[in-house]
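Have a look at the structure below before the remarks.
The values are calculated or read from the model by the stated rules, or taken from the named source; none is laboratory data. Note that the structure is predicted; figures quoted are calculated from it, not measured. As a convention, Cβ positions derive from the backbone with ideal geometry for all residues, glycine included, and neighbour counts pool all protein chains shown. Surface areas here come from the heavy atoms of the whole protein model, side chains and all, with no ligands, DNA or RNA. Shrake-Rupley method; radii C 1.70, N 1.55, O 1.52, S 1.80 Å.
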Amino acid sequence: MTHPNAQGVSRDLLRRATARFGERFPGEGPRVAVSPGRVNLIGEHTDYNDGFVLPMAIGRAAVIVFRPRADRVLRGHSVAYDETKELALDALSAPGGNDWLSYVAGVFWAFASEGLPLCGLDLVVDGDVPIGAGLSSSAALELATARALAAATGTPWDAVRMAKLGQKAENKYVGMNCGIMDQFASAACEAGHALLLDCRSLETRPVPVPKGAAVVVMDTGARRSLAGSAYNDRRAACERVVAEIANATPGVRALRDVTVDQLETAKPRLDVTDFKRASHVVPENRRPVEAADALQAGDLARAGRLMNDSHFSLRDLYEVSCEELDLVTEIARRQPSCFGARMTGAGFGGCAVALVKTPDVGAFCDAVLTAYEARIDLPAALYPCRPEAGARLLD
Ligand code: GLA
């Protein structure tokens, strides 16, 4: 499904969010901040290993319509939950909750924790990034909040700093131990480009997505289950492998620093499952750089092969795929117009991504959806995505 977009965001969404603001908080014209969800093209479960990722912002976003208040109160209304809640800014402390307002409040808390000014806001939260689908609806909400709060307080917008604040909100306030990829993509992506990010140095390279390639998000309709604990288990396995190898090899701080040879040498000393996990991360960490080079050179066949390799590794070694993700990517690969396909995001449900020949994208989406729906009774959806810009104000 595609929708008519204005500045990379659905017009209907903007209309709905501003209309709701007018109903709930009548008065002077509000401002609007938006921040996109993302699809990660390659480099999965590498960000918290200090590695490389290649995400791209999509035309689905979190929207915050806001107006400053004279007092230190945050009054938020969620369109999705149709509820209004209030918080006193001076009472914020971490950890907070994990309801919709906590993603907003967490960013206020993160600003304050770094000595940045706060101000009270009336705001409406809306968006069209599906929740729990692996497209980073939470990072989108955090960065839209950051953009709104920065504008309301006159804080200069520094995308890298704001990405880190968003991650801090998620790690310490909401309590999800994610890496930096999602917040960084939502803050800093550029229109027309995927973003190669070194998660250690935070250096970036915008990578143009060639005209001949369409990026298709394939939502399996399956929603993540057990994702939090399985995610933390994977992180812990990576840390155990690093600790073991670092004993023998000083200078190794993360799996980013480990070579395939070093991993093989350490194998007898490692737990079998931990070894499998690291055997995904070490090669996966090279793929974003190779895929970025392939995209830049217009070598779509190579980019697609790397995506397929990534999926097989996530399925067999990291074990974060599921039946629906395996099936939809398998069907995608069978289409002659498909260069490659893989799961995207943390896994255990949610979305996959395919790289497809642009002129054939409509037929590709129809064929994959029909074949998938013949096997799986879930509300699936396929949509081509253009690379959009990161967090921005719309006025
Ligand atoms: C989630 C996390 C990210 C990243 C991915 C897996 O999206 O929020 O930080 O770890 O999973 O690549």
Notebook entry, point to check: Which of the residues that make up segment 45-97 are polar (S, T, N, Q) and more than 16 Å from the ligand (Cβ to nearest atom)?
Noted result: Ser78, Thr84, Ser93
Item checked: Scan of segment 215-247 for residues that are of a type in the set (Lys, Arg), modelled with pLDDT of 95 or more and open to solvent by 70 Å² or more (accessible area, probe 1.4 Å), ordered by number -> Arg240
Notebook entry, point to check: Say we look at segment 142-173 and pick out the residues that are open to solvent by 20 Å² or more (accessible area, probe 1.4 Å) and among the hydrophobic types (A, V, I, L, M, F, W, C); which of these is nearest to Leu74 (Cα to Cα)?
Noted result: Ala152
Notebook entry, point to check: Residues Glu324, Glu319: which one is part of a loop (DSSP other than H, G, I, E, B), open to solvent by 10 Å² or more (accessible area, probe 1.4 Å) and of a type outside the set (S, T, N, Q)?
Noted result: Glu319
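Yes/no per residue for (1) charged (D, E, K, R); (2) surrounded by fewer than 20 Cβ atoms within 10 Å (Cβ to Cβ); (3) at positive phi; (4) out of contact with any Lys or Arg (no Cβ under 7 Å at 6 or more places or on another chain):
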site: Gly8; (1), (2), (3), (4): no, no, yes, yes
site: Gly29; (1), (2), (3), (4): no, yes, no, yes
site: Gly37; (1), (2), (3), (4): no, no, no, no
site: Val53; (1), (2), (3), (4): no, no, no, yes
site: Ala62; (1), (2), (3), (4): no, no, no, yes
site: Asp82; (1), (2), (3), (4): yes, yes, yes, yes
site: Lys85; (1), (2), (3), (4): yes, yes, no, yes
Item checked: Which numbered condition Tyr173 misses (of (1) assigned to a loop (DSSP other than H, G, I, E, B); (2) farther than 14 Å from Leu54 by Cα) -> (1)
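Considering only segment 176-208, how many residues are outside any helix (DSSP H, G or I), modelled with pLDDT of 95 or more and open to solvent by 30 Å² or more (accessible area, probe 1.4 Å)?
Initial filter on segment 176-208 (outside any helix (DSSP H, G or I)): 176-180, 189-208.
Subsequent filtering for residues that are modelled with pLDDT of 95 or more retains 178-180, 189-208.
Remaining after also requiring open to solvent by 30 Å² or more (accessible area, probe 1.4 Å): 190-193, 200-206, 208.
So the count comes out to 12.
Grab the helices (runs of 4 or more DSSP H) fully contained in segment 249-301, keeping just those with 2 or more residues being among the small types (Gly, Ala, Ser). Quick ask: steps written out before the conclusion?
Numbers: elements: 260-266, 272-284, 287-296.
Of the helices (runs of 4 or more DSSP H) lying wholly inside segment 249-301, those with at least 2 residues that are among the small types (Gly, Ala, Ser) span 272-284, 287-296.
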Notebook entry, point to check: What is the number of the single condition among (1) in contact with a helix residue (DSSP H, G or I) (Cβ under 6 Å, 6 or more places away or on another chain); (2) surrounded by 15 or more Cβ atoms within 10 Å (Cβ to Cβ); (3) of a type outside the set (Val, Ile, Thr) that Gly212 does not meet?
Noted result: (2)
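With respect to Asp158, determine if the residue is under 28 Å from Val104 (Cβ atoms) and charged (D, E, K, R).
Numbers: under 28 Å from Val104 (Cβ atoms): yes; charged (D, E, K, R): yes.
Yes.
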